[in-house]
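Inspection log for the structure reproduced underneath, given as C-alpha cells.
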Amino acid sequence: MKQSSSSLRWASALLGLAAMAASGTALAAKDVVLSIGYQPETLDPYNTNTTITTAVTKTFYEGLFQFDKDLKVQPVLAESYEVSKDGLVYTLKLRSGVKFHDGTDFNAEAVKFVLERVLNQDNKLLRYNQFNRVSKVEAVNATTVRITLKEPFGPFINSLAHASAAMISPTALKKWGNKDIAFHPVGTGPFEFVEWKQTDAVKAKKFDGYWKKGFPKVDTVSWKPVLENNTRAAMLQTGEADFAFPIPYEQADLLKKSDKLEVVATPSIITRFLAFNMLQKPYDNPKVREAIGYAINKEALAKVAFGGYAFPAQGVLPQGVKYAEKMAPIPYDVKKAKELLTEAGYPNGFESVLWSAYNNTTSQKTIQFVQQQLAQVGIKLQVQALEVGQRTEQVDAWPDAKTAKVRMYYTGWSSSTGEADWGLRPLFASEAWAPKLNNMSFYKSEVVDNALAKALVTVDEAEKTALYKTAQEQIRKDLPRVPMVTEQNLSANSKRLSGVFVMPDGNINIDAIAVSN
C-alpha cells in the first residue's frame with residue numbers, strides 16, 4: 001500500500017510540475033533554484049546547529065577561512081595567520097578592500113565586533129561553545145586582528161573555517177539587533193538578501209560589489225525547502241529546480257536515465273544515531289541501550305531507508321574524520337537483544353516514544369523501520385517526525401534536563417570542522433548537555449570528559465590520538481547513542497549547472513555556481 005501511495009504522489013507531482021514548466025515557469029537563464037530536504041530555521045549562522053541551514057547562510061556570508069571539498073582549510077577573508085609558540089595567540093592578516101552588502105568596510109574592527117557578539121553569553125547563541133576558548137579579540141590595525149585564547153586549542157583554525165563562523169556587518173547587527181538579524185542577513189558573500197518566505201524559499205541576488213572579480217556568475221539563487229522526496233526529484237525532471245539534495249535514494253536510478261541530469265554520490269561524514277535520554281527509565285539501564293543496538297538490522301536499514309546509499313556505522317565517528325577510531329558495527333542479533341532486555345528487567349519489552357529530528361521522507365522511513373525492528377523484541381514505539389519548531393522547543397532549547405520530554409531520538413551529526421573534537425564534545429561531553437549543545441542523552445562520563453579535555457590542549461599527536469581512542473571506546477561501551485548508519489551524500493543537478501557540490505559534512509558549496517545556456 002505504501003509503495004502504491006508513493007507512486008501516485010510521484011506521478012501527481014510530475015504532472016503538476018510539468019504543467020507549470022509548460023506554462024512558462026521554467027527557470028530563466030541566470031536564475032538558479034536549489035531544492036533542499038530541510039527547512040532552515042534561521043539565517044543567523046551563529047544560532048544554528050543544522051548543516052543545511054549554514055549551507056543557506058553561506059549564500060550571504062563568508063568567514064575568515066573555509067573548507068574545500070576535502071575538508072582542507074583555505075583562506076577567505078583572512079589571507080594568512082601566525083600562531084605564538086605557546087599556542088595561545090593567533091595573529092590574522094585580513095584581506096583589504098572587501099565590502100559588506102550595505103557598503104560598509106570589512107576590517108579588523110568588524111571581526112572583533114562579530115566574535116565578541118558570540119562570546120557574550122547574554123546573547124545565548126548556539127555556537128557560543130565553538131568559540132568559548134577565546135579570551136579576547138583585538139583590532140591591531142584595519143587589516144590585522146589578534147585573537148588570544150584562554151588555553152591552547154588545536155582545532156581553532158578549523159573552528160574559524162566552519163560555516164557558522166561568518167562575518168556579519170556590524171552596522172546591520174546594530175540596526176536589526178541580536179534576534180532580528182536572523183531575518184536580515186548582511187555579509188560579504190557573493191549574493192545579497194532579497195527575501196525569506198519561511199514556508200517557501202530564501203532568495204538572493206547577485207552582489208555587484210563582490211570582491212572576487214568575475215563572480216558570481218548567476219543573477220539569482222533561491223533555496224527552496226521541499227520535504228517530500230518525490231516532489232524534490234520531480235522538480236529536477238521538469239526543470240523547476242537545477243539542483244536537489246538530498247535525492248530520494250529510491251529515485252536515483254530513474255534520474256540517472258535522464259540525459260539532462262547528473263546524479264552524484266559522494267562519501268560523507270554524516271552518521272545517523274538513535275540517542276537515549278539516560279536520565280529516564282528504561283534508558284538509564286546500559287543493557288537496554290545495548291539491546292536496542294542488537295535489535296536493529298543496520299544492513300537492512302541502509303537498503304530500506306537509504307536505497308543502499310549507506311552502510312552500517314563503523315564507530316562513534318565516521319571514517320574521514322581526523323582521529324576517528326574504526327570499530328565493527330553492532331551486529332544484528334535479536335536473540336541477544338531479548339536476553340539483554342530480560343537481564344535488565346524487561347522480559348516483555350516496554351512502551352516508549354521515538355522522535356525524529358527531521359520530517360523528510362527518508363527520516364520517516366527510518367523511524368518506521370526502527371519501530372518495526374524493536375517490536376520484534378517487545379518494544380512498542382509511538383513515532384513522530386518533528387517539525388523544525390517542535391524540535392527546537394521540545395529538544396534543542398528545552399531548559400531543564402530533569403524534565404526533558406525526549407526519550408528515544410533519531411538524529412544525525414557530522415563533524416563539520418573535520419576533526420574529532422566537534423564530532424565528540426558537542427554530543428558526549430557533560431558540559432554539552434542540551435540546551436547548551438547537543439548532548440540530549442544527558443550522558444556523563446569522567447573518562448570521556450577527561451580524555452576530551454586533555455585532547456584539546458595537547459600538541460602531541462600520539463597523545464591526542466590515544467586520548468580520542470579512549471573517549472570513543474568508552475562511548476561505544478556506554479552507548480548513549482547507538483550508531484546506525486553512515487550515509488552517502490546523494491545529489492542531482494541539471495547538466496546546465498556547474499560549480500555546486502555537496503561537501504562530506506552535508507554542507508553545500510556554491511562558490512563557483514554557474515549555468516550554461
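Annotations for the structure displayed:
- Here the stretch 374-411 is the region considered, the condition is being within 17 Å of Phe350 (Cα to Cα) and out of contact with any strand residue (DSSP E or B) (no Cβ under 9 Å at 6 or more places or on another chain), and the residue that is surrounded by the fewest Cβ atoms within 10 Å (Cβ to Cβ) is Gln376.
- Residues in the stretch 161-183 that are of a type outside the set (A, V, I, L, M) and in contact with a strand residue (DSSP E or B) (Cβ under 7 Å, 6 or more places away or on another chain): Phe183 alone.
- Hits in the stretch 134-167 (condition: touching an Asp or Glu at 6+ places or on another chain (Cβ under 7 Å) and without any contact (Cβ under 8 Å) to a residue 40 or more places away in the chain): Val137, Ala139
- For the stretch 215-289, the strands (runs of 3 or more DSSP E) that sit wholly inside it and include 1 or more residues that are farther than 29 Å from Val406 by Cβ and in contact with a Ser or Thr (Cβ under 8 Å, 6 or more places away or on another chain) are 220-225, 243-245, 261-266.
- So Val353, is it modelled with pLDDT of 95 or more, surrounded by fewer than 21 Cβ atoms within 10 Å (Cβ to Cβ) and not acidic (Asp, Glu): yes
- Residue among Pro282, Pro347, Pro331, Pro312 that alone is under 21 Å from the mean Cα position of the chain (by Cα) and modelled with pLDDT of 95 or more: Pro312
- Matching strands (runs of 3 or more DSSP E) fully within the stretch 1-101 where at least 3 residues are within 29 Å of the chain's Cα centre (by Cα) and at pLDDT 95 or above: 31-36, 78-83, 89-94
- When Val186, Val114 are screened for being crowded, with 16+ Cβ neighbours inside 10 Å, assigned to a loop (DSSP other than H, G, I, E, B) and hydrophobic (A, V, I, L, M, F, W, C), only Val186 passes.
- Qualifying residue in the stretch 310-324 (condition: out of contact with any helix residue (DSSP H, G or I) (no Cβ under 9 Å at 6 or more places or on another chain) and at positive phi): yes
- Within the stretch 381-410, residues that are without any contact (Cβ under 8 Å) to a residue 12 or more places away in the chain sit with their Cβ atoms under 9 Å from residues that are surrounded by 13 or more Cβ atoms within 10 Å (Cβ to Cβ) and of a type in the set (A, V, I, L, M, F, W, C), at 6+ positions apart or across chains, in these pairs: Gln390/Trp355; Lys405/Val353; Lys405/Trp355; Lys405/Val395; Lys405/Trp398.
- Some residue of the stretch 495-502 being of a type in the set (Phe, Trp, Tyr) and surrounded by 24 or more Cβ atoms within 10 Å (Cβ to Cβ): no
- Selected residue (only one of Lys287, Lys217 is more than 17 Å from Val502 (Cα to Cα), surrounded by fewer than 20 Cβ atoms within 10 Å (Cβ to Cβ) and either touching a strand residue (DSSP E or B) at 6+ places or on another chain (Cβ under 9 Å) or outside the structural domain of Val316 (by TED's automatic domain parsing) (or both)): Lys217
- Among the criteria (1) within 23 Å of Lys30 (Cα to Cα); (2) surrounded by fewer than 21 Cβ atoms within 10 Å (Cβ to Cβ); (3) of a type outside the set (Phe, Trp, Tyr); (4) modelled with pLDDT under 95, the one Ala252 does not fulfil is (1).
- Of all residue pairs spaced 6 or more apart or on separate chains, those with beta-carbon atoms under 6 Å, a first member in the stretch 412-437 that is more than 21 Å from Thr486 (Cβ to Cβ) and a second member that is among the polar types (S, T, N, Q) are Ala432/Asn439; Trp433/Asn439; Leu437/Asn129.
- Helices (runs of 4 or more DSSP H) fully within the stretch 401-508 counting 2 or more residues that are over 22 Å from the mean Cα position of the chain (by Cα): 446-457, 461-478
- If you go through the stretch 189-213 and pick out every residue that is part of a loop (DSSP other than H, G, I, E, B) and among the basic types (Lys, Arg), you end up with 3.
- Filter pass, Arg481 being buried (at least 22 other Cβ atoms within 10 Å of the Cβ), modelled with pLDDT of 95 or more and not assigned by TED's automatic domain parsing to the domain that holds Pro152: yes
- When the stretch 117-130 is limited to residues that are in a helix (DSSP H, G or I) and out of contact with any Pro (no Cβ under 8 Å at 6 or more places or on another chain), the one that is surrounded by the most Cβ atoms within 10 Å (Cβ to Cβ) turns out to be Gln130.
- Test: residue in the stretch 135-144 that is within 20 Å of the chain's Cα centre (by Cα) and on the phi < 0 side of the Ramachandran plot: no
- All of Lys175, Lys179, Lys224 fail the test of being surrounded by fewer than 22 Cβ atoms within 10 Å (Cβ to Cβ), over 23 Å from the mean Cα position of the chain (by Cα) and charged (D, E, K, R), apart from Lys175.
- Hey, Val140 aliphatic (A, V, I, L, M) and in a strand (DSSP E or B) or not: yes
- Residues of the stretch 66-86 that turn out to be more than 13 Å from Val145 (Cβ to Cβ) and in contact with a helix residue (DSSP H, G or I) (Cβ under 8 Å, 6 or more places away or on another chain), as a count: 4
- A single entry from Gln364, Gln371, Gln394, Gln382 fulfils the requirement of being polar (S, T, N, Q) and in a strand (DSSP E or B): Gln382.
The values are calculated or read from the model by the stated rules, or taken from the named source; none is laboratory data. Note that the structure is a prediction, hence the values are computed from the model and not measured. No Cβ is skipped: glycine too gets one built from the backbone with ideal geometry, and neighbour counts run over all protein chains shown.
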